[in-house]
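**Student:** One structure is given below, represented as structure tokens, and several questions about it will come after.
The values are calculated or read from the model by the stated rules, or taken from the named source; none is laboratory data. As the structure is a prediction and not an experimental result, all values here were calculated from the model. Using ideal geometry, Cβ is built from the backbone for each residue, glycine included, and neighbour counts are taken over all protein chains shown.
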Amino acid sequence: MTSHSAPPGDSALNATRRTADLSQIGDGVEIDVLVIGGGVTGAGTALDAAARGLRTVLVERHDLAFGTSRWSSKLVHGGLRYLASGRVGIAHESAVERGIMMTTTAPHLVRPLPQLVPLLPDVGATRAALVRAGFLAGDLLRRGAGTSPAILPRSRRVTPAEAVRLAPTVRRAGLRGGLQAWDGQLVDDARLVVALARTAAAHGARVLTRTEALEVTGRSAMLRDTLTGETFVVRPRAVVNATGVWADQVDSSIRLRPSRGTHLVFSSESFGGLTASLTVPVPGSVGRFVFAFPAAHDRVYLGLTDEDAPGPAPDEPKPSDAEIDFLLDTINPALGQPLARTDILGSFAGLRPLLQTDDDATADISRKHAVLHSPTEIVTIVGGKLTTYRKMAEDAVDAAIAFGGLTAGPCRTRRLPLVGAVSGAAHDHLAAPPALIARYGTEAATVHAAMLRDRALAEPVAPGIDVVGAEFAFAVTHEGALSTDDLLDRRTRIGLVPADRAAADSAAEAAFATLI
């Protein structure tokens with residue numbers, strides 16, 4: 001094949017485009033790279049391949065960001081915890097990738113988030129010194145990655161008054177101030193995946209949700225449209241398995257050891273208007289913390305656990321009672337008024353696709369990714385973490401090109417903005433409400449225009465919820481939403497709180513009744 005890199009085209013994903021793409025595949029369209037898995041790594045891989053001029057198809061048996069990619073902490077980490085354990089390479093890689101996301105690929109979806117470690121009586125001088133040393137090392141990582149302090153400020157010590165301003169519900173008794181550092185925070189992880197998939201589509205990739213890959217080898221697969229039951233046999237030049245914790249279902253030679261990370265969802269009122277990540281050391285550990293941080297829709301997420309999760313990976317993992325207790329028991333000593341289970345509005349848990357090792361605890365297994373070659377010639381990308389998705393995708397496509405003998409251009413994603421990307425002065429001049437700009441970047445203008453044309457679309461989808469009808473409509477026409485679950489659980493995160501989900505369900509159904 002001769003590489004070709006057409007200029008970006010239409011990025012809209014919807015039912016009509018899906019039907020057309022499936023029809024073309026059924027007619028035997030040539031495929032260079034078949035990517036299986038619609039999470040952040042799979043969507044990133046499809047973008048990388050399509051941007052190099054490769055004829056690319058992405059299939060996902062459920063929806064974009066259906067699995068692990070919507071259950072993350074929504075943080076874009078700079079790799080500090082890896083530096084603490086001597087893994088300098090992955091720490092630097094994480095810091096570099098964080099900088100790329102914040103300055104080039106997704107500046108509209110990632111913003112600086114202050115981290116606050118309150119200096120309370122149970123944080124003694126030795127632990128405080130260790131935290132401070134870690135934050136200074138994080139500053140070195142940021143500098144080494146070329147990220148300006150104008151984007152991520154330097155770490156510093158803050159006064160008790162500043163600590164309370166950042167975290168109003170922190171315990172005042174014995175508070176000596178705090179240690180502050182900065183990291184990146186995603187507006188939403190699922191929105192990042194959708195932006196990646198749409199950018200891939202703009203570069204010619206066929207993005208097919210509700211499409212299952214069966215009988216997969218490195219040169220063939222049977223694709224099944226789960227909506228109709230129709231099947232197609234495709235013969236790509238290379239296959240990339242990017243299914244994360246389900247990788248062993250595609251390639252039985254893969255050995256994974258998943259770990260579960262759980263978060264609890266609270267109202268922002270429970271934390272008094274938190275504006276930083278309130279970060280509390282886990283007693284008896286070195287380098288482990290739980291953190292409460294502000295999130296979309298006036299919520300606060302509290303995480304994170306790291307529990308061994310053996311056995312088949314469920315489609316939707318559930319937190320255990322022990323994990324809920326652990327999170328509350330760890331955060332409560334740092335709060336003036338302890339939280340109770342009755343304060344919890346919702347919860348979520350995700351599985352990390354860690355490679356099996358002989359004896360490491362899951363908390364200590366390296367998050368470094370690996371490209372594996374199956375006896376059936378499938379290329380599998382596993383391990384890693386959300387922050388390093390782009391480098392994971394680059395390595396996976398490099399391997400697919402080598403295996404398939406493909407001719408392709410160089411990787412372009414380091415300098416390729418995603419759909420909606422905007423930053424700096426251009427961000428300040430967008431004519432749309434700030435909440436829309438934070439979720440859609442430049443495309444906020446399209447959503448806002450729909451609100452102005454039809455006042456009904458300017459109304460919230462349910463009382464007290466900061467999502468309007470135009471956002472549901474946009475998700476159907478542009479973001480590939482095919483069901484009410486797609487709208488409630490992934491294009492927005494309304495579904496994280498069951499009561500909100502129930503309140504907004506009728507508006508979600510109406511979006512499809514009107515537009516499809």
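**Student:** How many of the residues making up the stretch 458-481 are without any contact (Cβ under 8 Å) to a residue 24 or more places away in the chain, in contact with a strand residue (DSSP E or B) (Cβ under 8 Å, 6 or more places away or on another chain) and buried (at least 21 other Cβ atoms within 10 Å of the Cβ)?
**Tutor:** The total comes to 1.
**Student:** Being under 18 Å from A46 (Cα atoms) and either modelled with pLDDT of 95 or more or over 23 Å from the mean Cα position of the chain (by Cα) (or both) narrows it down to one of T380, T446, so name that one. Please lay out each step first, then the result.
**Tutor:** On the way: T446 fails: under 18 Å from A46 (Cα atoms).
None of the other options fit; the residue is T380.
**Student:** Can you tell me which residues in the stretch 495-505 are of a type in the set (G, A, S), without any contact (Cβ under 8 Å) to a residue 40 or more places away in the chain and either more than 19 Å from F266 (Cβ to Cβ) or surrounded by fewer than 16 Cβ atoms within 10 Å (Cβ to Cβ) (or both)? Full working, then the answer.
**Tutor:** Residues of the stretch 495-505 of a type in the set (G, A, S): 495, 499, 502-504.
Add one more test, that the residue is without any contact (Cβ under 8 Å) to a residue 40 or more places away in the chain, and what stays is 495, 502.
Passing the criteria: only A502.
**Student:** For the stretch 211-232, does any single residue satisfy the condition of being within 26 Å of G134 (Cα to Cα) and more than 28 Å from the chain's Cα centre (by Cα)? Explain how you work it out, then say what you get.
**Tutor:** Let us first name the residues in the stretch 211-232 that are within 26 Å of G134 (Cα to Cα), namely none.
No, the conditions are met nowhere in the stretch 211-232.
**Student:** Criterion first (part of a helix (DSSP H, G or I), in contact (Cβ under 8 Å) with a residue 40 or more places away in the chain and either in contact with a helix residue (DSSP H, G or I) (Cβ under 8 Å, 6 or more places away or on another chain) or surrounded by fewer than 18 Cβ atoms within 10 Å (Cβ to Cβ) (or both)) does R98 satisfy it? Break it down into steps so the answer makes sense when it comes.
**Tutor:** On the way: part of a helix (DSSP H, G or I): yes; in contact (Cβ under 8 Å) with a residue 40 or more places away in the chain: yes; either in contact with a helix residue (DSSP H, G or I) (Cβ under 8 Å, 6 or more places away or on another chain) or surrounded by fewer than 18 Cβ atoms within 10 Å (Cβ to Cβ) (or both): yes.
Answer is yes for this residue.
**Student:** Would a scan of the stretch 267-277 turn up a residue that is farther than 30 Å from R81 by Cβ and assigned by TED's automatic domain parsing to the domain that holds P375?
**Tutor:** No - not one qualifying residue is present in the stretch 267-277.
Here is a yes/no grid of residues against (1) surrounded by 15 or more Cβ atoms within 10 Å (Cβ to Cβ); (2) of a type in the set (D, E); (3) in contact with a strand residue (DSSP E or B) (Cβ under 9 Å, 6 or more places away or on another chain):
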| site | (1), (2), (3) |
| --- | --- |
| V286 | no, no, no |
| H297 | yes, no, no |
| T305 | yes, no, yes |
| P319 | yes, no, yes |
| I331 | yes, no, yes |
| L339 | yes, no, yes |
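**Student:** Checking the conditions here, which among G53, G124, G42 is in contact (Cβ under 8 Å) with a residue 24 or more places away in the chain, surrounded by fewer than 24 Cβ atoms within 10 Å (Cβ to Cβ) and among the small types (G, A, S)? Break it down stepwise before answering.
**Tutor:** On the way: G124 fails: in contact (Cβ under 8 Å) with a residue 24 or more places away in the chain; G42 fails: surrounded by fewer than 24 Cβ atoms within 10 Å (Cβ to Cβ).
Just one listed residue meets the conditions, G53.
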